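Participant: Can you keep this structure in mind? I'll have questions shortly.
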Amino acid sequence: MIKVDSGAVGTVMPRSVGQHFRITETKAARTGPGFRAANGSAIGHYGQRSIQGVSDDCTPINMTAQVADVRTNLASVHQLVKAGNKVHFESNNCYIEHKDTGMRTWMKEREGTFEVGLWVPKTQSCIPA
């Protein structure tokens, strides 16, 4: 599950997600300062991971996220928009739409948050070439 967050500067995921997808070291992870939580505490940053999977409705999802000491996956609305998407929030009609292809990934509202299901293969051998 990915929480779609309009306040997140970056898209992040914990190290436990998609472990068979390689973490690529980044300059930001190597040189710091890392991330800060809303309360100002430091959050460890380990690089970035690009993953391939599908949403709950089998829409392909390719996502690059920063790997950090976080508890949940967060998709930054800012980064989604920069990647050529529009993000639509409306009661019972929430989705991320790629502007060039028109492909929509549907979001579900749960207890005040907006989420996209994310399913990734359990092993490297399940990843399509």
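Participant: Residue check, LYS122 against (1) in contact with a Gly (Cβ under 9 Å, 6 or more places away or on another chain); (2) closer than 19 Å to ILE2 by Cβ; (3) in a loop (DSSP other than H, G, I, E, B), all met but one. Which one?
Facilitator: Condition (1) is where LYS122 drops out.
Participant: For segment 64-82, enumerate the residues that are of a type in the set (A, V, I, L, M) and part of a strand (DSSP E or B).
Facilitator: From segment 64-82, those of a type in the set (A, V, I, L, M) are 65, 67-68, 70, 74-75, 77, 80-81; that's our starting set.
Of everything in segment 64-82, those that are of a type in the set (A, V, I, L, M) and part of a strand (DSSP E or B) turn out to be ALA65, VAL67, ALA68, LEU74, ALA75.
Participant: Sticking with this one: Does PRO60 fit the bill of being at pLDDT below 90 and in contact with a His (Cβ under 9 Å, 6 or more places away or on another chain)? Outline the logic, then answer.
Facilitator: Numbers: at pLDDT below 90: yes; in contact with a His (Cβ under 9 Å, 6 or more places away or on another chain): no.
Answer is no for this residue.
Participant: Of everything in segment 10-25, what is surrounded by fewer than 16 Cβ atoms within 10 Å (Cβ to Cβ), in contact with a strand residue (DSSP E or B) (Cβ under 6 Å, 6 or more places away or on another chain) and within 27 Å of PHE114 (Cβ to Cβ)? Give them in sequence order.
Facilitator: The one that is surrounded by fewer than 16 Cβ atoms within 10 Å (Cβ to Cβ), in contact with a strand residue (DSSP E or B) (Cβ under 6 Å, 6 or more places away or on another chain) and within 27 Å of PHE114 (Cβ to Cβ): ARG15.
Participant: Which residues, taken from segment 83-119, are assigned to a strand (DSSP E or B), more than 16 Å from the chain's Cα centre (by Cα) and surrounded by 12 or more Cβ atoms within 10 Å (Cβ to Cβ)?
Facilitator: Keep residues of segment 83-119 that are assigned to a strand (DSSP E or B), which gives 85-88, 94-98, 104-110, 113-116, 119.
Add one more test, that the residue is more than 16 Å from the chain's Cα centre (by Cα), and what stays is 88, 94, 109-110.
Matches in segment 83-119: HIS88, CYS94, GLU109.
Participant: Consider ILE61 carefully, then state whether it is among the β-branched types (Val, Ile, Thr), in a strand (DSSP E or B) and either more than 17 Å from the chain's Cα centre (by Cα) or within 25 Å of GLU25 (Cβ to Cβ) (or both). Reasoning before the result, please.
Facilitator: Values: among the β-branched types (Val, Ile, Thr): yes; in a strand (DSSP E or B): yes; either more than 17 Å from the chain's Cα centre (by Cα) or within 25 Å of GLU25 (Cβ to Cβ) (or both): yes.
So ILE61 fits the description; yes.
Participant: I've got another one for you. Filter segment 16-58 down to the residues that are of a type in the set (A, V, I, L, M) and part of a loop (DSSP other than H, G, I, E, B), then identify the one that is nearest to MET103 (Cα to Cα).
Facilitator: Within segment 16-58, the first condition is being of a type in the set (A, V, I, L, M), and the residues that meet it are 17, 23, 28-29, 37-38, 42-43, 51, 54.
From what is left, the residues that are part of a loop (DSSP other than H, G, I, E, B) are 17, 37-38.
Values: VAL17: 25, ALA37: 33, ALA38: 33 Å.
Only one residue fits best here, namely VAL17.
Participant: Find all pairs meeting these conditions: Cβ atoms under 6 angstrom apart; at least six residues apart or on different chains; first residue within segment 44-57 and within 13 Å of PHE21 (Cα to Cα); second residue open to solvent by less than 30 Å² (accessible area, probe 1.4 Å) and charged (D, E, K, R).
Facilitator: Within 6 Å, no pair qualifies.
Participant: Just to be sure I understand the filter: pairs with C-beta atoms under 8 Å, separated by 6 or more residues or on different chains, first member in segment 78-96 and closer than 15 Å to ALA8 by Cβ, second member part of a helix (DSSP H, G or I) and open to solvent by less than 90 Å² (accessible area, probe 1.4 Å). Which pairs pass?
Facilitator: Hits for this filter: VAL87/VAL77; VAL87/LEU80; VAL87/VAL81; ILE96/LEU80.
Participant: Which members of segment 8-60 meet the condition of being among the charged types (D, E, K, R) and over 17 Å from SER76 (Cβ atoms)? Step through it out loud before you land on a result.
Facilitator: Initial filter on segment 8-60 (among the charged types (D, E, K, R)): 15, 22, 25, 27, 30, 36, 49, 56-57.
Of everything in segment 8-60, those that are among the charged types (D, E, K, R) and over 17 Å from SER76 (Cβ atoms) turn out to be ARG15, ARG22, GLU25, LYS27, ARG30, ASP56, ASP57.
Participant: On to the next question. Are any residues in segment 58-73 touching a Pro at 6+ places or on another chain (Cβ under 9 Å) and either free of Cβ contacts under 8 Å to residues at least 24 places away in the same chain or surrounded by fewer than 19 Cβ atoms within 10 Å (Cβ to Cβ) (or both), and if so, which ones?
Facilitator: ASP69, ARG71, THR72
The values are calculated or read from the model by the stated rules, or taken from the named source; none is laboratory data. Remember, predicted model here, so these are calculated numbers, not experimental data. Heads up, the Cβs are rebuilt from the backbone with ideal geometry, glycines too, and the neighbour counts pull from every protein chain shown. In case anyone asks, the SASA skips ligands and DNA or RNA and just uses the protein heavy atoms, side chains included. Shrake-Rupley method; radii C 1.70, N 1.55, O 1.52, S 1.80 Å.
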